[in-house]
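The values are calculated or read from the model by the stated rules, or taken from the named source; none is laboratory data. As the structure is a prediction and not an experimental result, all values here were calculated from the model. All Cβ positions, glycine included, derive from the backbone under ideal geometry; neighbour counts span all protein chains shown.
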Amino acid sequence: MSEKQAEPLIPPLETLPRISLKGTEVVRRQYLSHIKDNLVSIRPDGIQFNTACITRMENVVYIQIMIDRKRKWLIVRGCDEEDRDAQRWCNVKEEGRKPRKITGKDFAIRIYRMMEWNRGYYFKVCGSFAVRDDKEDELLLVFELEESEIYPMSSSARQKAGVEDSEVGREELEKLNAYEAAKDAEKKEREEAKKAGIEPKAGKKQSAFSEILASETFGETFENHVNRLKLPASEEIEGQLDFFKEG
């Protein structure tokens, strides 16, 4: 007697109903866990790419950072050490490649000004891979700066980054001071709980979304999402930056 044949996990495609994706919204990854995504952190004194970025572009040690002012994109391309405007974005050690902060206050000032960001905060942006339209074997990382996550900076972090209170503004400074006071109280509460033998609650960083991400939509419509990252030709990208310094 032959064994009963197992039913397929998915029915034949021709038997399934047809639906249209027109009008649907693709949920933005920023709304979900994206700890393993490509991320760049931009602070008032420089920029740093996370481990995911440098791991996935495994043969890249030096990069050029390019800005598309019109689209508000930050684009990363790998390059050689001797190339003009090359920046080292990681440290290579025996135990592996480690992220490296690229110090550049002049760069940060221009980015913050272009994006109209408040210098009392730092920003994280998810990145997507793309290829050049005129050189399809060249891998690029594209960060859409308008889709940033916003994080408050402590007074000591602002001071270290060279941010003056006057640059932050009275209203935002009050918010930042209130947040810092709440974090200090939370830290003290955890320490007291630990002394009492109680498992303290884990602290959590507070973040907010940019205006685009703060909207009530789940994301872009499917139609707009498909061709979202259509890169301009490399010669059209404005403002390649050359004012970093080693950090």
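Checking the condition at pLDDT below 95 and assigned to a helix (DSSP H, G or I), which residue from 191, 144 passes?
191
Taking residue 68, is it acidic (Asp, Glu), within 17 Å of residue 148 (Cα to Cα) and in contact (Cβ under 8 Å) with a residue 12 or more places away in the chain?
Answer is yes for this residue.
With the structure loaded, tell me whether residue 138 is charged (D, E, K, R), exposed (fewer than 14 other Cβ atoms within 10 Å of the Cβ) and either touching a residue at least 40 places away in the same chain (Cβ under 8 Å) or outside any helix (DSSP H, G or I) (or both) or whether it fails that test.
yes
Tally the residues that are part of a helix (DSSP H, G or I) and under 15 Å from the mean Cα position of the chain (by Cα), restricting the search to the stretch 113-129.
Counting residues in the stretch 113-129 that are part of a helix (DSSP H, G or I) and under 15 Å from the mean Cα position of the chain (by Cα) gives 1.
Could you grab the pairs with beta carbons closer than 8 Å, sequence gap of 6+ or different chains, first residue in the stretch 167-188 and in a helix (DSSP H, G or I) and modelled with pLDDT of 85 or more, second one surrounded by 16 or more Cβ atoms within 10 Å (Cβ to Cβ) and polar (S, T, N, Q)?
168/118; 172/118
Out of all the residues in the stretch 56-101, which are loosely packed, with under 12 Cβ neighbours inside 10 Å and within 23 Å of residue 122 (Cβ to Cβ)?
Residues satisfying the conditions are 69, 98.
In this structure, does residue 45 turn out to be farther than 30 Å from residue 217 by Cα, out of contact with any Phe, Trp or Tyr (no Cβ under 9 Å at 6 or more places or on another chain), at pLDDT 90 or above and surrounded by 10 or more Cβ atoms within 10 Å (Cβ to Cβ)?
yes
When residue 92 is evaluated against the numbered criteria (1) closer than 21 Å to residue 39 by Cβ; (2) touching a residue at least 24 places away in the same chain (Cβ under 8 Å); (3) under 21 Å from the mean Cα position of the chain (by Cα), which criterion, by number, is the only one it fails?
(3)
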